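Q: The structure that follows is given in the form of structure tokens.
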Amino acid sequence: MTDKNVLVIGGGVAGLSAAIELARLGVRVDLVEKSNFPGGHAIQFACKAADKCVKCGACAAEEKLRDALEHQNIRLLAGAQVQNLSKNNGKFSATVQKKPAYIDPKKCTDCGLCFDKCPSGAILRGFSKSHSPFYSLCEEKCLYVKDKSCRLCEDICPESAICLDKPGESYRCDPDAVVVATGFTPFNPKNKPYGYKVLKNVITNLELERMLRAESRAIRPSDNTEPKRIAFIQCVGSRDAQLGHLWCSKICCGSALRMARLIKTRQPETEITFFYMDVQTFGKDFKVFYESVQKDIRMIRAIPGDIFKTENESLRVTFLNPPTHETMDEYFDMAVLSVAITPCSDNKSLAELTGLEIADSGFFDSAGAKSGQGIFTAGTAQRPMSIAESIASAGEAAWKTMRYLEFRNEK
Ligand SMILES: Cc1cc2nc3c(=O)[nH]c(=O)nc-3n(C[C@H](O)[C@H](O)[C@H](O)COP(=O)(O)OP(=O)(O)OC[C@H]3O[C@@H](n4cnc5c(N)ncnc54)[C@H](O)[C@@H]3O)c2cc1C
């Protein structure tokens, strides 16, 4: 079916998987990813294997990214967004606007000089070895983009790989069908009473994922030392009636416990306390893992009320002690907030672009997906789900897309 073309919007694990499935069936795919680095959230995660694989799924994201980059039927447009989408006589027409390719992947040797020297922190580092170039430019922070006051990266690059005057590019594609796999936005806990972005040693689970991936251990942001006591706080922004977030984000208990276990293995002196509402155990293997993990981790069934700063940037966490119902204080060197999976912040504009319906939760209503009209959804654009579930959902979207294309062929 090589004459068919599908537009996949979103290059996370779901979008990559849908693109690969379709490409393997002979369909040409334009895969449009908004961020400079494809792979979505999962490409930022650490492998959580301590003594053996704990099936966290992080390696699946690497594999999908590699496979998509290698497949000749997939054209990956990173740093790009679909500007408009229309349909005429059964065929879509889309315009994709791509940011300038400031760093030439053919010349860049990943030496990192631009990253080290940039005065405004505008050079970003990729997450995976498959990210080529491994560095990219953040336009919002770049002084040249702002007022043309700095060209340091261009001047110092030993390979002349950087050109700040590159224009953006516009692409036109005429897909037969569209898959929307634009994922989720992690909940921003700035309005919760936990001092996020005020207290240096309060971080989110996503930040811990990146830290474990880059440094292989937990370190206190305030002084780069190893924390002796860490508090994990679950359900930050999930199952929260005040916010209207009634859903469980499903993956946080498993992900946080796997990270806690990894830290205990690599930094055995660290004491870990896990504050939770109730532990969601999805999948048959998780039950066994959960039982074993409780030997190393102190579990407290309570959600803390506040976090206060104490000496040396340490933290005082207050909570209601479940057996006695008395308010208690405990001291920690670092706290990790397990933030909710919330609907992608682009959902409103994507709904306008595609005509997809948004459910009360804010996720795309998968039941109301425009299957008959050739628009499908995949992954966490539909609801919170794990990497494995996102891949399965992408397979289902690819299968439905093929059915739609075949049906149109027969007509
Ligand atoms: C802290 C944390 C830890 C987790 N740990 C685990 C774990 O250990 N195991 C597990 O199975 N799951 C885990 N998850 C869940 C996992 O992140 C998701 O299952 C997975 O990332 C879903 O992939 P996705 O492609 O649906 O979405 P995303 O990863 O969100 O990818 C969506 C992509 O679409 C792009 N996009 C968004 N809007 C647009 C647009 N308008 N145009 C173009 N592109 C767009 C985004 O830039 C992004 O690259 C964790 C989640 C969090 C928050």
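Q: Which far-off residues, 5 or more places away or on another chain, put their amide H under 5 Å from the one on residue 180, with H placed in the peptide plane?
A: Here 9, 376, 377, 378 satisfy the definition.
Q: Now for a different question. Is any helix in the chain, taking whole DSSP H runs, at least 24 angstrom long along its axis by alpha carbon and on average at least -1.0 on the Kyte-Doolittle scale, and which ones?
A: 387-410
Q: What does the highest-first list of 329-336, 343-350, 113-120, 28-35 look like by mean Cβ count within 10 Å?
A: Per-residue mean Cβ counts within 10 Å order the peptides as 28-35, 329-336, 343-350, 113-120.
Q: Can you give me the Cα centroid spacing of segment 134-161 and segment 192-241 in angstrom?
A: 31 Å
Q: Normalised radius of gyration for segment 186-341, please: alpha carbon Rg relative to 2.2 N^0.38 Å, two decimal places.
A: Here the Cα radius of gyration is 0.98 times the empirical estimate.
Q: Same structure again: What shape does segment 69-109 take by its C-alpha gyration tensor, where a ≥ b ≥ c are the square roots of the eigenvalues and a/c under 1.5 counts as rounded, a/b above b/c as prolate, and the rest as oblate? Intermediate values should be presented prior to the final figure.
A: Numbers: a/c = 5.12, a/b = 1.91, b/c = 2.68.
In terms of gyration-tensor shape, oblate.
Q: Let's test this: bin the Cα-Cα distances of segment 136-234 at 5 Å from zero up to the farthest pair and state each bin's percent.
A: Taking every Cα pair in segment 136-234, the percentages come to 2, 8, 12, 12, 10, 11, 17, 13, 9, 4, 1, 0.
Q: Further, regarding this structure: With contacts defined as alpha carbon pairs under 8 Å and 6 or more residues apart, what's the relative contact order of segment 242-365 in percent?
A: Contact order relative to length: 18 percent.
Q: Also: Rg over Rh of segment 102-167, using C-alpha atoms and the Kirkwood radius, what does it come to?
A: 0.92
Q: Counting only DSSP beta bridges with both residues in the chain, what percent are antiparallel, rounded to the nearest 5?
A: 50 percent
Q: Could you tell me what % of all Cα pairs in segment 43-89 have separations over 15 Å?
A: Result: 65 percent of Cα pairs exceed 15 Å.
Q: Please get the size of the charge dipole for segment 186-341, origin at its Cα centre, with Cβ charges of +1 on Lys and Arg and -1 on Asp and Glu, quoted in debye to the nearest 20.
A: About 460 debye.
Q: Counting only other residues whose beta carbon sits under 10 Å from that of residue 15, what net charge do I get with K and R as +1, D and E as -1? All intermediate terms of the calculation are to be shown ahead of the outcome.
A: Details: positive: 64; negative: 33.
Cβ neighbours under 10 Å give a net charge of 0.
Q: Scattering from the C-alpha atoms of the chain alone, worked out with Debye: what is log10 I(q)/I(0) at q = 0.10, 0.12 1/Å?
A: -0.75, -1.04
Q: Then there is this: List the lysines whose Cα sits under 25 Å from the Cα of residue 4, skipping any in the same chain fewer than 8 residues away.
A: Straight-distance partners of residue 4: 34, 64, 87, 91, 98, 370, 400, 411.
Q: Still on this structure, please answer the following. Roughly speaking, to the nearest percent, how much of the chain's 1.4 Å accessible area is carbon and sulfur?
A: Numbers: 9540 of 19570 Å².
For the chain, the apolar C and S fraction of the accessible surface comes to 49 percent.
Q: Please compute the net charge surrounding residue 361, taking Lys and Arg as +1 and Asp and Glu as -1 over other residues with Cβ under 14 Å from its Cβ. List each step's numbers first, then the result.
A: Details: positive: 239, 250, 348, 383; negative: 240, 357, 360, 365.
Local net charge: 0.
Q: Leaving out ligands and nucleic acids, and using a 1.4 Å probe, what accessible area per residue does the chain come to in Å²?
A: Ligands and nucleic acids excluded, the figure is 48 Å² per residue.
Q: So, one more: Mind running the shape call on segment 21-171? Use the C-alpha gyration tensor, a ≥ b ≥ c as the square roots of the eigenvalues: rounded below 1.5 for a/c, prolate if a/b tops b/c, oblate otherwise.
A: Since a/c reaches 1.5 but b/c is at least a/b, the shape of segment 21-171 is classed as oblate.
Q: Also: Less than 13 Å Cβ to Cβ from residue 46, Lys/Arg counted +1 and Asp/Glu -1: what total charge do the surrounding residues give?
A: Result for the local shell: +3.
Q: Any chance you could tell me what percent of the C-alpha pair distances in segment 294-381 go past 15 Å?
A: Of the Cα pairs, 71 percent sit more than 15 Å apart.
Q: Next up: Quick one: putting +1 on the C-beta of Lys and Arg, -1 on the C-beta of Asp and Glu, what dipole do you get for segment 102-167 around its Cα centre, in Debye to the nearest 20?
A: My answer is approximately 100 debye.
Q: Using the scaling law 2.2 N^0.38 Å as the reference, what is the normalised Cα Rg of segment 232-304? Numbers along the way, then the final one.
A: Details: Rg = 12.7 Å, N = 73, 2.2 N^0.38 = 11.2 Å.
That ratio works out to 1.13.
The values are calculated or read from the model by the stated rules, or taken from the named source; none is laboratory data. Only a predicted model underlies this, so the values are computations on that prediction, with no experimental measurement involved. Cβ: placed from backbone, ideal geometry, glycine included. Neighbour counts: every protein chain shown. Side chains are part of the model used for accessible areas, which takes the heavy atoms of the whole protein and leaves out ligands, DNA and RNA. Shrake-Rupley method; radii C 1.70, N 1.55, O 1.52, S 1.80 Å.
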